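Encoded as structure tokens, the structure appears first; notes follow it.
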Amino acid sequence: MHSQTPLKYRELAAGAVKDSQLHRALGMMRDKVGRNAVNLYNQIAPGQDSRRAAKAVRSRIVDNLDVVLETLTENIRARGGQVYLADTGADAVEYCLQVARRHQVRRVVKGKSMLSEEICLNPALEAAGIETVETDLGEYIVQLKGEAPSHIIAPAIHYTREQVGALFAEKLGEPYTDDPPSLTAMARKALREKMLTADMGISGGNTACAETGHVTIVSNEGNIRMTSTMPRVHIVLLGIEKIAATLEDHDILLRMLTRAAAGQKISTYISYVGGPRLPDEPDGPEEFHLVLVDNGRSRILADPDFREVLHCVRCGGCLNVCPVYLNIGGHSYGSPYCGPIGAVFTPLTRGIGECSHLCQGETLCGACKQVCPVDNDLPRMLSLLRAKLADGDPKWDVLPQSRAAKLAFTAWSLVMSRRGLYDALRGLARMGQRLLPRRDGWIVRLPGPLGGWTRGRDFPPLAEESFGERWARRNRDGRDA
Ligand code: SF4
């Protein structure tokens with residue numbers, strides 16, 4: 001479901017660009033969550049410093065990840081939990097299957113784990129004959145539909161309530177309604193029964209704290225409380241980078257995460273888990289497993305140019321402001337991590353050449369950096385990925401993508417660094433553009449390979465007088481141009 005070619009990306013994106021319902025849904029997300037998040041940032045005094053503090057915390061943790069991971073492991077084991085470090089996604093899946101087989105698990109309830117999407121856990125569980133039920137409302141909706149999530153924290157953001165009503169009527173046999181509380185009640189009824197009879201719970205984690213030995217899971221629906229406490233076994237899947245060293249670091253990150261993710265000061269439920277039920281505790285699993293998943297993260301960690309991407313706390317904030325994501329939606333990316341973070345993270349873990357379309361599809365407008373709670377410089381990393389595609393990089397197994405593109409960019413660089421040549425070509429282009437078809441003053445079709453630009457939008461013609469020429473004239477004439 002998540003592998004994709006550049007051609008498929010273009011096809012899906014072209015379809016999504018025309019989907020006005022998708023744009024309405026994503027626009028609401030942008031307006032509501034984006035604005036709330038900025039307001040809440042500003043309430044932390046002084047707003048900008050909080051992002052710097054969070055960035056410094058993440059940077060310190062990622063730079064000392066080996067020590068932090070060891071402390072977390074020791075503390076979880078000391079409380080009776082089991083910890084497994086999975087090198088690859090396949091290792092993590094196999095570990096989950098082994099635990100499930102040992103406990104003769106027939107039904108798994110899940111929640112809040114994009115990582116399980118990354119490692120394709122659900123199909124493996126289903127293939128082993130284990131019923132796997134998502135318990136987060138959005139994840140449940142996309143699962144009923146047979147789709148992947150389309151947003152990191154709002155998996156079913158692309159659906160209207162009317163569509164959800166029709167889906168529940170079809171799949172759950174309920175009478176049609178588009179009333180949100182009634183729809184929620186229907187999902188609750190269906191899921192409650194699954195939770196009560198599940199043998200195993202699997203969840204993700206938003207962050208862990210090495211000092212205390214616990215994993216923190218943020219939710220707004222209470223499903224995680226049930227997933228993590230009612231079944232006999234609980235497995236938490238966590239990327240090796242999603243750890244805080246101390247409780248103080250953990251609190252800084254949590255405060256920024258909930259603001260950026262949902263525009264909330266704090267989420268409705270925060271679950272802290274870190275081991276099996278103790279003898280005097282009324283609930284909790286009999287067995288607790290923490291699966292720490294590497295799956296390409298160590299390779300990123302080893303490269304100082306890209307290490308910063310591991311600072312990400314997966315809040316989804318960069319998606320809500322990205323003009324590309326807001327136009328093409330999450331499914332076009334063909335990766336559980338969509339939007340700007342996906343355009344950097346997915347190529348690094350799956351192959352830069354194989355996922356070239358993702359980093360080439362972004363605009364480099366910089367909005368993602370502005371909103372990121374840990375000030376991740378995604379535009380810098382996107383540019384670097386593009387440079388590797390142009391020049392090749394044996395360290396990352398990237399072959400130069402296209403001789404023609406390389407030649408074009410070399411020529412471009414030559415022109416841009418020679419003023420006389422630039423001016424001469426600009427003069428020629430001004431004359432040449434008179435031959436191109438126009439509508440309302442805009443060029444509607446560029447020639448040759450440049451035609452890709454005008455396939456979906458018009459092109460502004462070169463001004464008859466450039467800024468440089470106006471400036472020179474103004475200085476020459478000694479008056480406003
Ligand atoms: S890059 Fe920043 S804004 Fe985007 S998901 Fe990660 S933490 Fe959130």
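The values are calculated or read from the model by the stated rules, or taken from the named source; none is laboratory data. Nothing here was measured: the structure is a model prediction, and the numbers come from that model. Cβ atoms come from the backbone with ideal geometry, glycine included; neighbour counts cover every protein chain shown. Areas reflect the complete protein model, heavy atoms only, side chains present, ligands, DNA and RNA absent. Shrake-Rupley method; radii C 1.70, N 1.55, O 1.52, S 1.80 Å.
Looking only at residues of the range 125-149 that are in contact (Cβ under 8 Å) with a residue 40 or more places away in the chain and out of contact with any Leu (no Cβ under 9 Å at 6 or more places or on another chain), we find that the one that is nearest to the ligand (Cβ to nearest atom) is Pro149.
For the criterion of being at pLDDT below 95, more than 16 Å from the ligand (Cβ to nearest atom), of a type in the set (Gly, Ala, Ser) and open to solvent by 10 Å² or more (accessible area, probe 1.4 Å), Ala390 passes.
Filter the range 252-293 for residues that are away from the ligand (no atom under 16 Å from the Cβ) and under 13 Å from Val218 (Cβ atoms) and give the result. Reasoning before the result, please.
Residues of the range 252-293 away from the ligand (no atom under 16 Å from the Cβ): 265-266, 268-293.
Hits for the range 252-293 are Lys265, Ile266, Thr268, Tyr269, Ile270, Ser271, Tyr272, Val273.
The sole residue among Cys318, Cys365 that is within 12 Å of the ligand (Cβ to nearest atom), open to solvent by 10 Å² or more (accessible area, probe 1.4 Å) and under 25 Å from Ala25 (Cα atoms) is Cys318.
Criterion applied to Pro304, Pro373 was being within 13 Å of the ligand (Cβ to nearest atom) and either touching a Ser or Thr at 6+ places or on another chain (Cβ under 9 Å) or farther than 25 Å from Ser20 by Cα (or both), and the one residue passing it is Pro373.
Within the range 296-305, track down each residue that is outside any helix (DSSP H, G or I) and open to solvent by 40 Å² or more (accessible area, probe 1.4 Å).
Ala302, Pro304, Asp305
The one condition from (1) on the phi < 0 side of the Ramachandran plot; (2) surrounded by 23 or more Cβ atoms within 10 Å (Cβ to Cβ); (3) modelled with pLDDT under 95 that Val273 does not meet is (3).
Report the residue count in the range 421-461 for those that are under 30 Å from Lys18 (Cβ atoms) and either among the aromatic types (Phe, Trp, Tyr) or assigned to a loop (DSSP other than H, G, I, E, B) (or both). Please lay out each step first, then the result.
Quick first cut of the range 421-461, residues under 30 Å from Lys18 (Cβ atoms) only: 433, 436-461.
Those still in the list that are either among the aromatic types (Phe, Trp, Tyr) or assigned to a loop (DSSP other than H, G, I, E, B) (or both) too: 436-437, 440-442, 444-447, 453, 457-461.
Total satisfying the criteria: 15.
Restricting the first residue to the range 25-37 and requiring it to be crowded, with 16+ Cβ neighbours inside 10 Å, which pairs with a second residue that is of a type in the set (S, T, N, Q) and part of a helix (DSSP H, G or I) meet a Cβ separation below 8 Å and a spacing of at least six or different chains? Pairs found: Met29/Asn320; Arg30/Asn320; Val33/Asn320; Gly34/Asn320; Ala37/Asn320.
Checking Val309 against (1) within 9 Å of the ligand (Cβ to nearest atom); (2) modelled with pLDDT of 95 or more; (3) surrounded by 24 or more Cβ atoms within 10 Å (Cβ to Cβ); (4) over 15 Å from Ala13 (Cα atoms), which single condition isn't satisfied? Every listed condition holds for Val309 apart from (3).
Residues in the range 409-423: is at least one among the acidic types (Asp, Glu) and either within 16 Å of the ligand (Cβ to nearest atom) or touching a residue at least 24 places away in the same chain (Cβ under 8 Å) (or both)?
Here is the first cut: in the range 409-423, the residues among the acidic types (Asp, Glu) are 423.
Adding the requirement that they be either within 16 Å of the ligand (Cβ to nearest atom) or touching a residue at least 24 places away in the same chain (Cβ under 8 Å) (or both) leaves none.
Within the range 409-423 (the criterion being among the acidic types (Asp, Glu) and either within 16 Å of the ligand (Cβ to nearest atom) or touching a residue at least 24 places away in the same chain (Cβ under 8 Å) (or both)), the answer is no, since none of the residues qualifies.
Restricted to the range 345-362, and to residues that are of a type outside the set (A, V, I, L, M, F, W, C) and within 14 Å of the ligand (Cβ to nearest atom), which residue is surrounded by the most Cβ atoms within 10 Å (Cβ to Cβ)? This residue is Thr346.
Out of the residues in the range 321-344 that are open to solvent by less than 10 Å² (accessible area, probe 1.4 Å) and of a type in the set (Val, Ile, Thr), state the one that is farthest from the ligand (Cβ to nearest atom). The extreme case among them is Val344.
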